[in-house]
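The values are calculated or read from the model by the stated rules, or taken from the named source; none is laboratory data. Keep in mind the model is a prediction, meaning the values are calculated, not measured. Note: ideal-geometry Cβ built from the backbone for every residue, glycine included; neighbour counts use all protein chains shown. Just the protein is used for accessible areas: all its heavy atoms, side chains included, with ligands, DNA and RNA removed. Shrake-Rupley method; radii C 1.70, N 1.55, O 1.52, S 1.80 Å.
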Amino acid sequence: MKPNLYITRRKLLQVSGLSSISLLLGGCGTPLFEDLVGTLSEPLNQNLQSLLLKPQTPVPEFSPNEIEPEALIVNTYRFTPVINQEKFRLIIDGEVENPLSLSMEDIKNLPSTSTIIRHVCVEGWAAIVQWGGIRLRELVALAQPKQSVKYAYFKSADGYYSSWDIASALHPQTLLAYEKNGESLPVDNGAPLRLASPIKLGYKQSKWVTRVTLVSQLSRFQGYWEDQGYEWFAGL
(Lines give C-alpha, C1' and ligand atoms only; values in the text may rest on other atoms or scores of the structure.)
Protein backbone atom coordinates (compact mmCIF):
# COMPACT_ATOMS: atom_id res chain seq x y z
CA MET A 1 0.00 0.00 0.00
CA LYS A 2 1.37 3.40 -0.92
CA PRO A 3 2.11 5.66 2.09
CA ASN A 4 -0.17 8.44 0.90
CA LEU A 5 -3.10 6.00 0.74
CA TYR A 6 -2.58 4.45 4.15
CA ILE A 7 -5.32 5.12 6.66
CA THR A 8 -5.06 4.12 10.29
CA ARG A 9 -7.73 2.05 11.95
CA ARG A 10 -8.57 4.90 14.32
CA LYS A 11 -9.05 7.34 11.43
CA LEU A 12 -11.23 4.87 9.58
CA LEU A 13 -13.46 4.47 12.61
CA GLN A 14 -13.74 8.23 12.94
CA VAL A 15 -14.59 8.65 9.27
CA SER A 16 -17.22 5.91 9.45
CA GLY A 17 -18.80 7.42 12.56
CA LEU A 18 -17.66 4.55 14.78
CA SER A 19 -15.12 6.36 16.92
CA SER A 20 -14.12 4.01 19.72
CA ILE A 21 -14.26 6.87 22.18
CA SER A 22 -17.62 8.36 21.30
CA LEU A 23 -19.51 5.19 20.48
CA LEU A 24 -18.03 2.05 21.87
CA LEU A 25 -16.91 2.46 25.45
CA GLY A 26 -17.57 4.52 28.50
CA GLY A 27 -14.92 2.89 30.67
CA CYS A 28 -13.51 -0.45 31.78
CA GLY A 29 -16.67 -1.33 33.63
CA THR A 30 -19.72 -0.32 31.58
CA PRO A 31 -20.15 -0.45 27.78
CA LEU A 32 -22.31 2.06 25.92
CA PHE A 33 -24.77 1.21 23.14
CA GLU A 34 -24.19 -2.48 23.74
CA ASP A 35 -26.47 -3.88 21.04
CA LEU A 36 -25.21 -1.46 18.41
CA VAL A 37 -21.60 -2.29 19.17
CA GLY A 38 -22.26 -5.99 18.88
CA THR A 39 -23.94 -5.49 15.51
CA LEU A 40 -21.51 -3.05 13.92
CA SER A 41 -18.05 -3.56 15.35
CA GLU A 42 -17.72 -7.30 14.83
CA PRO A 43 -18.16 -7.32 11.02
CA LEU A 44 -15.91 -4.27 10.74
CA ASN A 45 -13.24 -5.92 12.88
CA GLN A 46 -13.24 -9.27 11.16
CA ASN A 47 -13.57 -8.05 7.57
CA LEU A 48 -10.95 -5.31 7.73
CA GLN A 49 -8.41 -6.53 10.29
CA SER A 50 -5.94 -7.73 7.64
CA LEU A 51 -6.10 -4.29 5.98
CA LEU A 52 -5.80 -2.20 9.13
CA LEU A 53 -3.16 -4.15 11.04
CA LYS A 54 0.42 -4.61 9.90
CA PRO A 55 0.79 -7.88 11.77
CA GLN A 56 4.59 -8.10 11.91
CA THR A 57 5.51 -4.41 12.10
CA PRO A 58 7.02 -3.49 15.49
CA VAL A 59 5.59 -0.50 17.34
CA PRO A 60 8.17 2.14 18.38
CA GLU A 61 9.25 1.56 21.96
CA PHE A 62 10.15 3.91 24.79
CA SER A 63 13.44 4.46 26.59
CA PRO A 64 14.05 3.20 30.15
CA ASN A 65 13.88 6.74 31.57
CA GLU A 66 10.32 7.06 30.25
CA ILE A 67 8.98 4.15 32.31
CA GLU A 68 6.13 5.21 34.62
CA PRO A 69 6.38 2.78 37.56
CA GLU A 70 3.36 4.13 39.46
CA ALA A 71 1.06 4.73 36.51
CA LEU A 72 -0.22 1.19 35.90
CA ILE A 73 -3.59 0.97 37.68
CA VAL A 74 -4.68 -2.44 38.95
CA ASN A 75 -8.09 -3.44 37.59
CA THR A 76 -9.57 -6.81 38.49
CA TYR A 77 -12.46 -8.69 36.95
CA ARG A 78 -13.61 -10.57 40.06
CA PHE A 79 -10.78 -11.35 42.45
CA THR A 80 -7.06 -11.96 42.58
CA PRO A 81 -6.57 -15.73 42.28
CA VAL A 82 -4.17 -17.68 44.44
CA ILE A 83 -1.81 -19.63 42.17
CA ASN A 84 0.84 -22.10 43.29
CA GLN A 85 3.63 -21.26 40.87
CA GLU A 86 5.34 -24.61 41.45
CA LYS A 87 2.22 -26.47 40.34
CA PHE A 88 1.25 -23.95 37.66
CA ARG A 89 0.98 -25.18 34.08
CA LEU A 90 0.31 -23.20 30.92
CA ILE A 91 -1.78 -25.27 28.54
CA ILE A 92 -1.62 -24.60 24.80
CA ASP A 93 -4.16 -26.66 22.93
CA GLY A 94 -6.91 -26.57 20.31
CA GLU A 95 -6.18 -27.09 16.62
CA VAL A 96 -2.52 -27.95 17.11
CA GLU A 97 -0.27 -30.90 16.32
CA ASN A 98 1.69 -30.71 19.59
CA PRO A 99 -0.40 -29.67 22.64
CA LEU A 100 1.76 -28.24 25.42
CA SER A 101 1.69 -28.26 29.21
CA LEU A 102 4.48 -25.99 30.44
CA SER A 103 5.68 -25.17 33.93
CA MET A 104 7.09 -21.76 34.74
CA GLU A 105 10.54 -23.34 34.78
CA ASP A 106 9.94 -24.63 31.25
CA ILE A 107 8.85 -21.18 30.12
CA LYS A 108 11.72 -19.34 31.74
CA ASN A 109 14.19 -21.73 30.12
CA LEU A 110 13.00 -20.54 26.71
CA PRO A 111 14.54 -17.42 25.07
CA SER A 112 13.22 -14.31 26.80
CA THR A 113 12.82 -10.73 25.66
CA SER A 114 11.66 -7.39 27.03
CA THR A 115 9.78 -4.45 25.61
CA ILE A 116 8.98 -0.95 26.87
CA ILE A 117 5.52 -0.07 25.62
CA ARG A 118 2.44 1.94 26.52
CA HIS A 119 -0.46 0.12 28.18
CA VAL A 120 -3.71 1.89 27.23
CA CYS A 121 -6.98 1.47 29.13
CA VAL A 122 -10.40 2.45 27.80
CA GLU A 123 -10.94 4.40 31.03
CA GLY A 124 -8.70 7.07 29.53
CA TRP A 125 -5.41 6.44 31.33
CA ALA A 126 -2.15 4.95 30.06
CA ALA A 127 1.16 3.79 31.51
CA ILE A 128 4.58 3.17 30.00
CA VAL A 129 5.75 -0.21 31.28
CA GLN A 130 8.66 -2.54 30.65
CA TRP A 131 7.44 -6.11 30.26
CA GLY A 132 9.72 -9.14 30.20
CA GLY A 133 8.81 -12.64 29.12
CA ILE A 134 8.47 -14.83 26.06
CA ARG A 135 7.07 -13.92 22.67
CA LEU A 136 3.72 -15.64 22.32
CA ARG A 137 4.54 -16.58 18.74
CA GLU A 138 7.42 -18.76 19.98
CA LEU A 139 5.07 -20.77 22.18
CA VAL A 140 2.53 -21.03 19.37
CA ALA A 141 5.25 -22.33 17.07
CA LEU A 142 6.15 -25.04 19.59
CA ALA A 143 2.52 -26.16 19.61
CA GLN A 144 2.57 -26.50 15.80
CA PRO A 145 -0.79 -24.91 14.93
CA LYS A 146 -2.75 -26.21 11.97
CA GLN A 147 -3.05 -23.95 8.93
CA SER A 148 -6.73 -23.44 9.70
CA VAL A 149 -6.03 -21.48 12.91
CA LYS A 150 -7.33 -17.90 12.83
CA TYR A 151 -7.93 -17.06 16.49
CA ALA A 152 -6.49 -17.56 19.97
CA TYR A 153 -8.58 -17.86 23.13
CA PHE A 154 -7.03 -16.91 26.45
CA LYS A 155 -8.40 -18.30 29.70
CA SER A 156 -7.34 -17.03 33.12
CA ALA A 157 -7.23 -18.45 36.62
CA ASP A 158 -9.95 -16.05 37.79
CA GLY A 159 -12.41 -17.15 35.08
CA TYR A 160 -11.69 -14.23 32.73
CA TYR A 161 -11.50 -15.04 29.03
CA SER A 162 -10.83 -13.22 25.78
CA SER A 163 -10.05 -13.98 22.14
CA TRP A 164 -7.64 -12.44 19.64
CA ASP A 165 -7.06 -12.66 15.93
CA ILE A 166 -4.02 -14.85 15.30
CA ALA A 167 -2.08 -12.06 13.54
CA SER A 168 -2.15 -9.95 16.72
CA ALA A 169 -1.22 -12.96 18.85
CA LEU A 170 1.81 -13.57 16.63
CA HIS A 171 2.93 -9.92 16.62
CA PRO A 172 6.63 -9.76 17.61
CA GLN A 173 5.85 -7.53 20.63
CA THR A 174 3.01 -9.65 21.99
CA LEU A 175 4.39 -11.32 25.10
CA LEU A 176 3.35 -13.67 27.81
CA ALA A 177 5.08 -11.63 30.48
CA TYR A 178 6.47 -12.75 33.83
CA GLU A 179 8.43 -9.58 34.61
CA LYS A 180 7.40 -5.95 35.06
CA ASN A 181 9.96 -3.12 35.06
CA GLY A 182 12.85 -5.54 35.47
CA GLU A 183 11.41 -7.41 38.45
CA SER A 184 9.21 -10.45 38.93
CA LEU A 185 5.64 -9.75 37.87
CA PRO A 186 3.48 -8.88 40.91
CA VAL A 187 0.44 -11.06 41.56
CA ASP A 188 -1.89 -8.04 41.24
CA ASN A 189 -0.51 -7.42 37.74
CA GLY A 190 -1.14 -10.99 36.63
CA ALA A 191 1.63 -13.31 37.89
CA PRO A 192 2.74 -15.80 36.94
CA LEU A 193 1.82 -14.96 33.32
CA ARG A 194 -0.08 -12.17 31.61
CA LEU A 195 -0.52 -10.86 28.10
CA ALA A 196 1.33 -7.68 27.20
CA SER A 197 1.16 -6.03 23.78
CA PRO A 198 1.33 -2.49 22.34
CA ILE A 199 -1.36 -3.24 19.74
CA LYS A 200 -4.36 -4.06 21.98
CA LEU A 201 -6.38 -2.13 24.57
CA GLY A 202 -5.96 -3.13 28.19
CA TYR A 203 -9.04 -5.32 28.54
CA LYS A 204 -7.61 -7.66 25.89
CA GLN A 205 -4.40 -8.15 27.88
CA SER A 206 -5.52 -10.95 30.17
CA LYS A 207 -3.84 -11.52 33.51
CA TRP A 208 -3.18 -14.91 35.19
CA VAL A 209 -3.27 -16.71 31.84
CA THR A 210 -3.49 -20.48 32.24
CA ARG A 211 -4.62 -21.66 28.80
CA VAL A 212 -4.18 -20.61 25.17
CA THR A 213 -6.52 -22.39 22.76
CA LEU A 214 -5.95 -22.00 19.02
CA VAL A 215 -9.03 -22.32 16.82
CA SER A 216 -10.27 -21.73 13.29
CA GLN A 217 -13.60 -20.21 14.33
CA LEU A 218 -14.88 -18.04 17.15
CA SER A 219 -17.66 -19.37 19.34
CA ARG A 220 -20.54 -17.18 20.49
CA PHE A 221 -18.48 -16.56 23.63
CA GLN A 222 -15.71 -14.22 22.50
CA GLY A 223 -14.58 -12.57 25.73
CA TYR A 224 -15.91 -11.43 29.09
CA TRP A 225 -16.25 -7.76 28.12
CA GLU A 226 -16.69 -8.47 24.43
CA ASP A 227 -19.81 -10.55 25.16
CA GLN A 228 -21.25 -7.50 26.94
CA GLY A 229 -20.75 -5.24 23.95
CA TYR A 230 -17.12 -4.16 24.08
CA GLU A 231 -15.30 -4.00 20.78
CA TRP A 232 -13.84 -7.37 19.85
CA PHE A 233 -10.73 -6.30 17.89
CA ALA A 234 -9.75 -3.50 20.31
CA GLY A 235 -6.60 -2.59 18.42
CA LEU A 236 -4.42 0.50 18.74
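A few remarks follow.
- Ranked by the mean number of other Cβ atoms within 10 Å of their residues, highest first, the peptides 210-219, 61-70, 157-166 come out as 157-166, 210-219, 61-70.
- Other residues lying with their Cβ under 11 Å from the Cβ of Met104 contribute a combined charge of 0, Lys and Arg counting +1, Asp and Glu -1.
- Loop-located GluC sites (Glu not before Pro) in region 84-124, at most 11 other Cβ atoms within 10 Å (DSSP): Glu86, Glu97
- Given their separation in residues at 0.36 nm each and the Cα-Cα distance between them, Ser103 and Phe62 gain 11.7 nm when the chain is fully extended.
- Computed with a 1.4 Å probe over protein heavy atoms only, the accessible surface of region 124-236 comes to 32 Å² per residue.
- When the C-alpha to C-alpha distance is required to be over 25 Å, the pairs from Lys150/Lys204; Lys87/Lys146; Lys87/Lys150 that qualify are Lys87/Lys146; Lys87/Lys150.
- One compactness figure for region 104-236 is 0.98, namely its Cα radius of gyration divided by 2.2 N^0.38 Å.
- Summary value for region 49-146: 32 percent relative contact order, contacts being C-alpha pairs under 8 angstrom separated by 6+ residues.
- Total formal charge among the other residues, if their Cβ is under 9 angstrom from that of Ser156, Lys/Arg +1 and Asp/Glu -1: +3
- Surface composition of region 166-236: carbon plus sulfur atoms contribute 47% of the solvent-accessible area (1.4 Å probe, protein chains only, all chains present).
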